[in-house]
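> Let me give you the structure first, and then I'll get to my questions.
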Amino acid sequence: MWQVTEEDLLSISIGAGILGTGGGGNPYIGMLRARETIRQYGPVTVLSADDLQDTDKIVCVGGIGAPTVGIEKVRGKQSYDALVALENHLNVKATALISNEIGGSNSLEPLIPAAISGLPVVDADGMGRAFPEFQMKTFFVYGVPYAPMAIADEKGNVAIIPKAITSKWVERIARSITIQMGSVACYALAPMTATQVRDTAVKDSLTLSKKLGESVRSANKTKSDPINAMLKVNPGKVLYEGKISGLQRKTTQGFARGEVTVDGSGDFAGTVMTIEFQNENLIARIENEVVCVVPDLISIVDSERGEPITTELLRYGFRITVIGFPSPDLWTTKEGLQVVGPSCFGYEVDYTPLVLT
Amino acid sequence: MRIGIDVGGTNTDSVLIDGTQIVRKSKTTTTEDITNGVKNSLHAILPSEEKNLGVDAVMIGTTHFTNALLQKNGLATTAALRLCLPATQMLPPMVDWPKEMKESIKGYTYLVDGGFEFDGREISTIDKGQIRRAADDMANKGVEAISISGIFSSVDPTQEQIAAQIIQEETPHIKISMSHEIGRVGVLERENATILNACLSTTSDSVVGAFKKAVEELNLGSALFLTQNDGTLMDADFATKYPVYSISSGPTNSMRGAAFLTGIQNAIVADVGGTSTDVGILRNGFPRESSIAVEIGGIRTNFRMPDVLSIALGGGSVVNTSPITIGPESVGLQLTQQSLLFGGSIRTATDMAAAAGLVNIGNKTLLSEISEEDIKSSLNMMNVMTEDVIDRLKFNADDIPVILVGGGHFLIGDDLAGASEVLRPENGEIANAIGAAIAQVGGQSESVYSLAEISREEALSAATEEAKKRAISAGANPKTVMVVDVEEIPLTYLPSNAIRIRVKVVGDIPEIS
């Protein structure tokens, strides 16, 4: 059990950016929102999944929408509004909150309703990274109910989805609602039990993001290599180094989609990498050969400072390093790959696990 | 022929350049009267009999605006009006600003109805009464400048324009900056840059006006440009409205000048002025641009900036003893009156360097009271301050060449930790003026293209051609024009798939043979 300090928020926002693989919203804004809320309402306690009691009711909260919109129309306390709407709808009280995804702004989203309501946050999440769609949570792959869901905007509108036939249908309906709400909203999900959290969540991920962020910050302080520092905390592989030479993006069906082209430098000079993203970076190719694919993590960081660059902040001319991290094991099972394997994003390639050399 | 002038807090440097040849140079003390300062400096490099040499352009780089922010000096009492409610209220304007910076501009904030969704729908309709009441309140509080920022104003600027009109009607004296003209998508950073522009607006009127007057009064017939922080030039009228774009143009100019003078393409450049020292890193002859949000005085902004750190160390920095402290106060313009060397009563960094024999100016006998111990400690502290900032810019532990330029380079020693060598190039004291003189002309285009009618590639190429055309008509050599920035903003959920494309290009001024 630990309490989140303002220093931790800075570290988590960097670590969550790395694990966010380009998506999940701007971690800086998530950090500021958490900081302002904690300053106003008081500190937040983080519980290990092992510390949960059998009577606990754990509610997953998160943001939904396009990151490009989220840096402009900044979220407020909508996830608290969604939590209250869900509690009222079900006539239950949550005892702890959990993040739906450790990547980006969403990693810190539960801290906001937690600070307002005084509830603890569980050190775990439903992705171990970031994913573009709602149904892509380890919870649902392994049988946790995905409805009812409450969804709230900044204007005071709340929608409840009491029932859906699949988690994918929740995604479709929630996404349509979100687009109408202006492509930025927050949701709260039916409470989980302690056993469900322990069996289906990616554990200790808030701690991992904190340690990743600390490694980068400390490397920058001591002028050592931040890339090496983060690879020591979370084993992975440098996939590419180079300069962004092209960028194509469009916001369609609520997603920021696009492709970034990188001209190689150093060991990679003379080659080109392309990375396709749909909110998150999903598939990286060097000269048309796939070198890393979802659900393995493809993180784009500033080559020198090791700080993560989210897809909405990518810009022509940036010098970047592309790092691959192996996916959490919960995703690489047959059931997991049916939900987040390459084919789920329209890529006709087989998932080949990233080999660390 | 081109003239580059750098107006620093303490010195005004100027240079007359023909192609790559330095024809004449001068260094004068910056005067309180900006117009006469610039005129003096022009006179110094253009003797009367050679007035009609054919000077195509005068390029002025100035640290006026950077210094104003660092010293929190002469900043306008500023308000930020955000058109957003009920959205985007958890993080109010200036939420992450250093407290003393916010206080120095008073920093009144007003959140009112308005803003757009990303698809062009209104978040809410603006309430003119609300804006009028805000304007009245600003007038009562003595607000001099205002930043107006609307959610997604880059998609639709009309609300910001209407709000500006209302403010203009209610309080005609308040200077208005609108965020859609300053920054990019990302409301906090764009708003920050807009507020900085607003708080500099009273200073910019007087500074740019004075430059104009100087060039006009000399009848040179030359075009006047100010240098921007991205290494390009902007004309005087543009500069008056957008002083924020000149922030960090001084360091950009120095670094490009240092590369030009040494032929070294990869190095740290420290430009030691009278009030501050700007340190940046050269890569392939150009200042490294930050790939992350750039802080100005601790404030995050999202417009293109060189990766430069400034410290309050310069020739005029005030030195206190027991214990030794250096700056941030500086005698600035008053160096030749107030420093001990010149018979004044304030101990400055220059006094300490002169006492150690590092520079030969003023009357050294006036320094006899300064102890050896204090000389040693203060010079050591100046080195440590410089080493610290060099260290913060470096991203690996390898030693790197350090180029010292600017009038106060003598404050810093040759033995610097982290430096593979320390260079002091000839003419380095006017590196910034040289950088201004060799600056490039920029051109930008920004348009919305419907991708139902043309492909993205065709749209990009059209936008690029338009930007190039503008740069060329602004005086750029067509052969040197290159793209430095491309930004696309998608505008979806319109009847056809539309994007907004912004392209920025730069090119050299043609050499006169």
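The values are calculated or read from the model by the stated rules, or taken from the named source; none is laboratory data. All values reported here derive from a predicted model rather than from experimental measurement. All Cβ positions, even for glycine, are placed from backbone atoms using ideal geometry, and neighbour counts span all protein chains on display. In case anyone asks, the SASA skips ligands and DNA or RNA and just uses the protein heavy atoms, side chains included. Shrake-Rupley method; radii C 1.70, N 1.55, O 1.52, S 1.80 Å.
> Can you tell me which of (1) assigned to a loop (DSSP other than H, G, I, E, B); (2) more than 12 Å from chain B (Cβ to nearest Cβ); (3) open to solvent by less than 20 Å² (accessible area, probe 1.4 Å) is the one A:I64 doesn't meet?
A:I64 satisfies every listed condition except (1).
> For A:S117, only one of the following conditions fails: (1) open to solvent by less than 20 Å² (accessible area, probe 1.4 Å); (2) within 24 Å of A:R39 (Cβ to Cβ). What is its number?
(1)
> Tell me yes or no: at least one residue of the range B:181-190 is over 23 Å from B:K504 (Cβ atoms), among the small types (G, A, S), open to solvent by less than 20 Å² (accessible area, probe 1.4 Å) and over 19 Å from the mean Cα position of the chain (by Cα). Break it down stepwise before answering.
Taking the range B:181-190 first, the residues over 23 Å from B:K504 (Cβ atoms) are none.
Taking every residue of the range B:181-190 in turn, none turns out to be over 23 Å from B:K504 (Cβ atoms), among the small types (G, A, S), open to solvent by less than 20 Å² (accessible area, probe 1.4 Å) and over 19 Å from the mean Cα position of the chain (by Cα).
> For the range A:16-34, name all the residues that are in a helix (DSSP H, G or I) and either aliphatic (A, V, I, L, M) or over 13 Å from A:S105 (Cβ atoms) (or both).
A:A16, A:I18, A:L19, A:I29, A:M31, A:L32, A:A34
> So, one more: If A:L32 passes every condition in (1) touching a residue at least 60 places away in the same chain (Cβ under 8 Å); (2) within 14 Å of chain B (Cβ to nearest Cβ); (3) among the aliphatic types (A, V, I, L, M) but one, which one does it miss?
Unmet condition: (1).
> Among the residues of the range B:26-43, which ones are open to solvent by 30 Å² or more (accessible area, probe 1.4 Å) and assigned to a loop (DSSP other than H, G, I, E, B)?
Passing the criteria: B:T31, B:E32, B:D33.
> Moving on to the next point. Report whether or not B:S322 is open to solvent by 30 Å² or more (accessible area, probe 1.4 Å), more than 14 Å from every other protein chain (Cβ to nearest Cβ), small (G, A, S) and out of contact with any Phe, Trp or Tyr (no Cβ under 7 Å at 6 or more places or on another chain).
Working: open to solvent by 30 Å² or more (accessible area, probe 1.4 Å): yes; more than 14 Å from every other protein chain (Cβ to nearest Cβ): yes; small (G, A, S): yes; out of contact with any Phe, Trp or Tyr (no Cβ under 7 Å at 6 or more places or on another chain): yes.
Answer is yes for this residue.
> Within the range B:140-168, restricting attention to residues that are free of Cβ contacts under 8 Å to residues at least 12 places away in the same chain and more than 30 Å from A:P67 (Cα to Cα), which residue is farthest from the other protein chains (Cβ to nearest Cβ)? Can you show your working first?
Just the residues of the range B:140-168 that are free of Cβ contacts under 8 Å to residues at least 12 places away in the same chain, to begin with: B:140, B:158, B:165, B:168.
Checking the rest, the ones that are also more than 30 Å from A:P67 (Cα to Cα) come to B:140, B:165, B:168.
Numbers: B:N140: 28, B:Q165: 23, B:Q168: 25 Å.
Applying the filter and picking the extreme gives B:N140.
> Can you confirm whether A:T37 is over 30 Å from A:C292 (Cβ atoms), more than 11 Å from chain B (Cβ to nearest Cβ) and of a type outside the set (G, A, S)?
no
> Here's something else I'd like to know. Which of the residues spanning the range B:386-408 are open to solvent by less than 50 Å² (accessible area, probe 1.4 Å) and assigned to a helix (DSSP H, G or I)?
Going residue by residue through the range B:386-408, those that are open to solvent by less than 50 Å² (accessible area, probe 1.4 Å) are B:386-387, B:389-390, B:393-395, B:400-408.
Across the range B:386-408, the qualifying residues are B:T386, B:E387, B:V389, B:I390, B:L393.
> Going through the range A:289-302 one residue at a time, which ones are open to solvent by less than 40 Å² (accessible area, probe 1.4 Å) and either closer than 13 Å to A:Y240 by Cβ or not assigned by TED's automatic domain parsing to the domain that holds A:G242 (or both)? Walk me through it before giving the result.
The initial filter retains those residues of the range A:289-302 that are open to solvent by less than 40 Å² (accessible area, probe 1.4 Å), namely A:292-302.
Result: A:C292, A:I298, A:S299, A:I300, A:V301.
> Here's something else I'd like to know. Right, A:K163: open to solvent by 30 Å² or more (accessible area, probe 1.4 Å) and either among the hydroxyl-bearing types (S, T, Y) or not in a helix (DSSP H, G or I) (or both) or not? Don't jump to the end; show me each part of the working.
Values: open to solvent by 30 Å² or more (accessible area, probe 1.4 Å): yes; either among the hydroxyl-bearing types (S, T, Y) or not in a helix (DSSP H, G or I) (or both): yes.
It is true that A:K163 is open to solvent by 30 Å² or more (accessible area, probe 1.4 Å) and either among the hydroxyl-bearing types (S, T, Y) or not in a helix (DSSP H, G or I) (or both).
> If you don't mind, another one. Would you say A:A219 is assigned to a helix (DSSP H, G or I), within 12 Å of chain B (Cβ to nearest Cβ), at pLDDT 90 or above and buried (at least 16 other Cβ atoms within 10 Å of the Cβ)? Working first, answer last.
Details: assigned to a helix (DSSP H, G or I): yes; within 12 Å of chain B (Cβ to nearest Cβ): yes; at pLDDT 90 or above: yes; buried (at least 16 other Cβ atoms within 10 Å of the Cβ): yes.
Here the answer is yes, as A:A219 does meet what is asked.
> Given the condition open to solvent by 10 Å² or more (accessible area, probe 1.4 Å), outside the structural domain of A:K237 (by TED's automatic domain parsing) and of a type in the set (V, I, T), answer yes or no: does some residue in the range A:35-44 qualify?
Step one: list which residues in the range A:35-44 are open to solvent by 10 Å² or more (accessible area, probe 1.4 Å), which gives A:35-36, A:38-43.
Those left that are additionally outside the structural domain of A:K237 (by TED's automatic domain parsing): A:35-36, A:38-43.
Keeping just the survivors that are of a type in the set (V, I, T) gives A:38.
The answer is yes, given that some residue of the range A:35-44 is open to solvent by 10 Å² or more (accessible area, probe 1.4 Å), outside the structural domain of A:K237 (by TED's automatic domain parsing) and of a type in the set (V, I, T).
> Right, next: Would you point out which residue out of A:D54, A:D50 is in a helix (DSSP H, G or I), more than 14 Å from every other protein chain (Cβ to nearest Cβ) and more than 22 Å from A:I320 (Cβ to Cβ)? Talk me through it step by step, then tell me what you get.
On the way: A:D54 fails: in a helix (DSSP H, G or I).
The unique qualifying residue is A:D50.
> Right, something else. Can you tell me how many residues within the range A:140-186 are under 21 Å from A:G70 (Cα atoms), in contact with a strand residue (DSSP E or B) (Cβ under 9 Å, 6 or more places away or on another chain) and of a type in the set (S, T, Y)?
2
> Follow-up. Would you confirm, using the coordinates I've provided, whether B:R283 is within 14 Å of chain A (Cβ to nearest Cβ), more than 13 Å from B:Q71 (Cβ to Cβ) and over 16 Å from the mean Cα position of the chain (by Cα)?
Considered against the rule, which asks whether it is within 14 Å of chain A (Cβ to nearest Cβ), more than 13 Å from B:Q71 (Cβ to Cβ) and over 16 Å from the mean Cα position of the chain (by Cα), B:R283 comes out as yes.
> So the check is Cβ under 6 Å with 6+ separation or different chains; which pairs have a first residue in the range B:120-136 that's more than 19 Å from B:Q89 (Cβ to Cβ) and a second one that's open to solvent by 30 Å² or more (accessible area, probe 1.4 Å) and not polar (S, T, N, Q)?
B:G120/B:D156; B:R132/B:E170; B:A135/B:E170
> Please state which of the following conditions A:M136 fails to meet, knowing it meets all the rest: (1) outside any loop (DSSP other than H, G, I, E, B); (2) away from chain B (no Cβ under 14 Å); (3) in contact with a Cys (Cβ under 9 Å, 6 or more places away or on another chain).
If we test A:M136 against (1) outside any loop (DSSP other than H, G, I, E, B); (2) away from chain B (no Cβ under 14 Å); (3) in contact with a Cys (Cβ under 9 Å, 6 or more places away or on another chain), just (1) comes out false.
> Go through the range A:303-348 residue by residue and tally those that are touching a strand residue (DSSP E or B) at 6+ places or on another chain (Cβ under 8 Å), among the hydrophobic types (A, V, I, L, M, F, W, C) and closer than 27 Å to A:G143 by Cα.
3
> Would you pick out the residues in the range B:142-180 that are in contact with a His (Cβ under 6 Å, 6 or more places away or on another chain) and surrounded by 20 or more Cβ atoms within 10 Å (Cβ to Cβ)?
B:S153, B:S154, B:E160
> Looking only at the range B:94-139, count every residue that is on the phi > 0 side of the Ramachandran plot, away from chain A (no Cβ under 14 Å) and open to solvent by 20 Å² or more (accessible area, probe 1.4 Å) and tell me the total. Walk me through it before giving the result.
Of the range B:94-139, the ones on the phi > 0 side of the Ramachandran plot are B:94, B:106-107, B:114-115, B:120.
Next, only the ones that are away from chain A (no Cβ under 14 Å) stay: B:106-107.
After this cut, where a residue has to be open to solvent by 20 Å² or more (accessible area, probe 1.4 Å) as well, the list is B:106.
The number of residues fulfilling the criteria is 1.
> Within the group B:I311, B:I375, which residue is open to solvent by less than 30 Å² (accessible area, probe 1.4 Å) and either touching a Cys at 6+ places or on another chain (Cβ under 7 Å) or under 22 Å from B:G297 (Cβ atoms) (or both)?
Details: B:I375 fails: either touching a Cys at 6+ places or on another chain (Cβ under 7 Å) or under 22 Å from B:G297 (Cβ atoms) (or both).
From the options B:I311, B:I375, the qualifying one is B:I311.
> Out of all the residues in the range B:70-93, which are small (G, A, S) and within 11 Å of chain A (Cβ to nearest Cβ)?
Going residue by residue through the range B:70-93, those that are small (G, A, S) are B:74, B:76, B:79-80, B:87.
The one that is small (G, A, S) and within 11 Å of chain A (Cβ to nearest Cβ): B:A87.
> Could you tell me whether A:E7 is open to solvent by 20 Å² or more (accessible area, probe 1.4 Å) and more than 23 Å from A:K155 (Cβ to Cβ)? Full working, then the answer.
On the way: open to solvent by 20 Å² or more (accessible area, probe 1.4 Å): yes; more than 23 Å from A:K155 (Cβ to Cβ): yes.
Yes, satisfied.
> Tally time: how many residues in the range A:296-338 are in a loop (DSSP other than H, G, I, E, B), more than 10 Å from chain B (Cβ to nearest Cβ) and either more than 18 Å from the chain's Cα centre (by Cα) or modelled with pLDDT of 95 or more (or both)?
The total comes to 6.
> Follow-up. Yes or no: the range B:207-223 includes at least one residue that is surrounded by fewer than 21 Cβ atoms within 10 Å (Cβ to Cβ), in a strand (DSSP E or B) and in contact (Cβ under 8 Å) with a residue 12 or more places away in the chain.
Yes: the range B:207-223 contains one or more residues that are surrounded by fewer than 21 Cβ atoms within 10 Å (Cβ to Cβ), in a strand (DSSP E or B) and in contact (Cβ under 8 Å) with a residue 12 or more places away in the chain.
> Also: Limited to the range A:172-209, what total is found for residues that are in a helix (DSSP H, G or I), open to solvent by 40 Å² or more (accessible area, probe 1.4 Å) and farther than 25 Å from B:I123 by Cβ?
Qualifying residue count for the region: 5.
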